[in-house]
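First up is the structure itself, then whatever we jot down about it.
The values are calculated or read from the model by the stated rules, or taken from the named source; none is laboratory data. Model, not experiment: these values are computed from the prediction. In this analysis, Cβ positions are derived from the backbone assuming ideal geometry, glycine residues included, and neighbour counts consider all displayed protein chains.
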Amino acid sequence: MSEKVGNVVLNYDHYSGIDLYSEGDVEDELLDIVQNNEERQFNNIIAERKKWSIMYHLSHIRGNIVEWLPISKKQTVLEIGSGCGAITGVLANKAKKVTCIELSKKRSLINAYRNRNKENIEILLGNFEEVEKDIIEKYDYITLIGVFEYSESYILQKNPYVNFLKIIRKHLKNNGKVIIAIENKLGLKYWAGCKEDHVDRYFENIEDYTKTKGVKTFSRKELEEIMQESGFYNYKFYYPYPDYKLPTQIYSDGYLPKKGELNNNNRNFDKERIVTFDESKVYDTIIKEGLFHVYSNSYLVVIDD
């Protein structure tokens, strides 16, 4: 069964009828916004309503994480965990076709309404393990933007993070790429007093998630080990700043930040925090010591098959 919202196709063949994840009333607010406003109005709405969830889901800055990727109109993209569509629209502007997988109907409707004028988007609703079994097509790009950390919640196998990447690899074209954006569990902001993003506790990630199940982030070393165990050996790390959610710069090993550049460190909009030290000064020390790749708040990894 399927329906269309504008030009966007929503496929319900694997949808259970229950949204297992929701942010509550704000999703109704988001749906109302995208149904009744054009994208050019979103920044004004963000400024007026002053809510983290509204900014997070509607800000055009979100798209910076993939905007720079060399995706062409001859290429196809599988977006796993498309959510409310903040990244979907950018991908659709660049690619020939975007296929989304998303568990939530409410979020998929938000995605569909905000991108209803685009003719190259299909949203497959349902749990990833069920949906992917019926996917025959192979893709040039597969994106996991803020998704990989939840692998053990929806990959019901031993070693879910490794197996998730192994499953994904089956859907890649030759020379295809996997794009992962994820918080660095050793990111400097967590030492400086920001709570772990998913469980809302201080230092839970840098204490190695001793009280957490179902979600976790990783250091660069851990991510490399997971990728290699999955059979991926060709990858590049990039460093979104201040983080991958609302990035204003994306550094690479070929172009790292210089002393004095990292001064935008107080953008912690969604949670209370403490301040244990001056992050800008500590970043300068880290940069001088050649350790930025260890303490970047987030990672963007481009994996070549």
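Filtering the stretch 211-240 down to residues that are charged (D, E, K, R) and under 26 Å from Gly254 (Cα atoms), which residue is farthest from the chain's Cα centre (by Cα)?
First, pick out the residues of the stretch 211-240 that are charged (D, E, K, R): 211, 213, 216, 220-222, 224-225, 229, 236.
Applying the additional criterion that residues be under 26 Å from Gly254 (Cα atoms) yields 220-222, 224-225, 229, 236.
On the way: Arg220: 17, Lys221: 20, Glu222: 18, Glu224: 18, Glu225: 20, Glu229: 22, Lys236: 17 Å.
Top of the filtered list is Glu229.
Residue check, Phe237 against (1) modelled with pLDDT under 95; (2) out of contact with any Asp or Glu (no Cβ under 6 Å at 6 or more places or on another chain), all met but one. Which one?
(1)
Picking from Glu122, Glu137, Glu132, which residue would you name as being in contact (Cβ under 8 Å) with a residue 24 or more places away in the chain, surrounded by fewer than 23 Cβ atoms within 10 Å (Cβ to Cβ) and in a helix (DSSP H, G or I)? Give the steps one after another, and end with the answer.
Numbers: Glu122 fails: in a helix (DSSP H, G or I); Glu137 fails: in a helix (DSSP H, G or I).
Of Glu122, Glu137, Glu132, the one residue that is in contact (Cβ under 8 Å) with a residue 24 or more places away in the chain, surrounded by fewer than 23 Cβ atoms within 10 Å (Cβ to Cβ) and in a helix (DSSP H, G or I) is Glu132.
Filter the stretch 6-57 down to the residues that are assigned to a loop (DSSP other than H, G, I, E, B), of a type in the set (Asp, Glu) and either touching a Ser or Thr at 6+ places or on another chain (Cβ under 7 Å) or farther than 20 Å from Ile121 by Cα (or both) and list them by number.
Restricting attention to the stretch 6-57, the residues satisfying the condition of being assigned to a loop (DSSP other than H, G, I, E, B) are 6-7, 15-24, 37-38, 50-51.
If we keep only those that are of a type in the set (Asp, Glu) too, we end up with 19, 23, 38.
Passing the criteria: Asp19, Glu23.
Please specify each residue of the stretch 191-201 satisfying the condition of being crowded, with 18+ Cβ neighbours inside 10 Å and more than 21 Å from the chain's Cα centre (by Cα).
The first filter runs over the stretch 191-201 and keeps only residues crowded, with 18+ Cβ neighbours inside 10 Å, leaving 192, 194-198.
Ala192, the sole residue that qualifies.
Scan Lys158, Lys166, Lys173 and give me the residue that is in a loop (DSSP other than H, G, I, E, B) and among the basic types (Lys, Arg).
Values: Lys166 fails: in a loop (DSSP other than H, G, I, E, B); Lys173 fails: in a loop (DSSP other than H, G, I, E, B).
Only one candidate passes the filter, namely Lys158.
Anything in the stretch 58-77 that is over 25 Å from Lys105 (Cβ atoms) and outside any helix (DSSP H, G or I)? List them, or say none.
Those that are over 25 Å from Lys105 (Cβ atoms) and outside any helix (DSSP H, G or I): Trp68, Leu69, Pro70, Ile71, Ser72, Lys73, Lys74, Gln75.
Could you tell me whether Lys173 is surrounded by fewer than 16 Cβ atoms within 10 Å (Cβ to Cβ) and closer than 23 Å to Ala95 by Cα? Break it down into steps so the answer makes sense when it comes.
Working: surrounded by fewer than 16 Cβ atoms within 10 Å (Cβ to Cβ): yes; closer than 23 Å to Ala95 by Cα: yes.
Answer is yes for this residue.
Among the residues of the stretch 59-115, how many are surrounded by 23 or more Cβ atoms within 10 Å (Cβ to Cβ), within 21 Å of Tyr239 (Cβ to Cβ) and among the small types (Gly, Ala, Ser)?
So the count comes out to 1.
Which one is surrounded by the most Cβ atoms within 10 Å (Cβ to Cβ), of the residues in the stretch 265-281 that are closer than 22 Å to Lys245 by Cα and in contact with a helix residue (DSSP H, G or I) (Cβ under 9 Å, 6 or more places away or on another chain)?
Going through the qualifying residues, I end up with Glu279.
Any chance you could count how many residues in the stretch 78-97 are without any contact (Cβ under 8 Å) to a residue 60 or more places away in the chain, under 17 Å from the mean Cα position of the chain (by Cα), under 18 Å from Val302 (Cβ atoms) and not in a loop (DSSP other than H, G, I, E, B)?
Result for the stretch 78-97: 2.
Taking the stretch 209-261, which residues are in a loop (DSSP other than H, G, I, E, B), acidic (Asp, Glu) and over 14 Å from Gly187 (Cβ atoms)? Talk me through it step by step, then tell me what you get.
So the first thing to find is which residues in the stretch 209-261 are in a loop (DSSP other than H, G, I, E, B), and the list is 209-217, 219, 230-233, 242-248, 253-254, 256-261.
Retained after the next criterion (residues that are acidic (Asp, Glu)): 243, 253, 261.
Matches in the stretch 209-261: Asp253, Glu261.
Determine whether the stretch 29-42 contains at least one residue that is within 25 Å of Glu132 (Cα to Cα) and touching a residue at least 40 places away in the same chain (Cβ under 8 Å). Step through it out loud before you land on a result.
Let us first name the residues in the stretch 29-42 that are within 25 Å of Glu132 (Cα to Cα), namely none.
No, the conditions are met nowhere in the stretch 29-42.
For the stretch 82-125, give me the residue count where each residue is among the small types (Gly, Ala, Ser) and farther than 20 Å from Leu31 by Cβ.
Step one: of the stretch 82-125, the residues among the small types (Gly, Ala, Ser) are 82-83, 85-86, 89, 92, 95, 104, 108, 112.
Now drop any that are not farther than 20 Å from Leu31 by Cβ, which leaves 95.
Within the stretch 82-125, residues that are among the small types (Gly, Ala, Ser) and farther than 20 Å from Leu31 by Cβ number 1.
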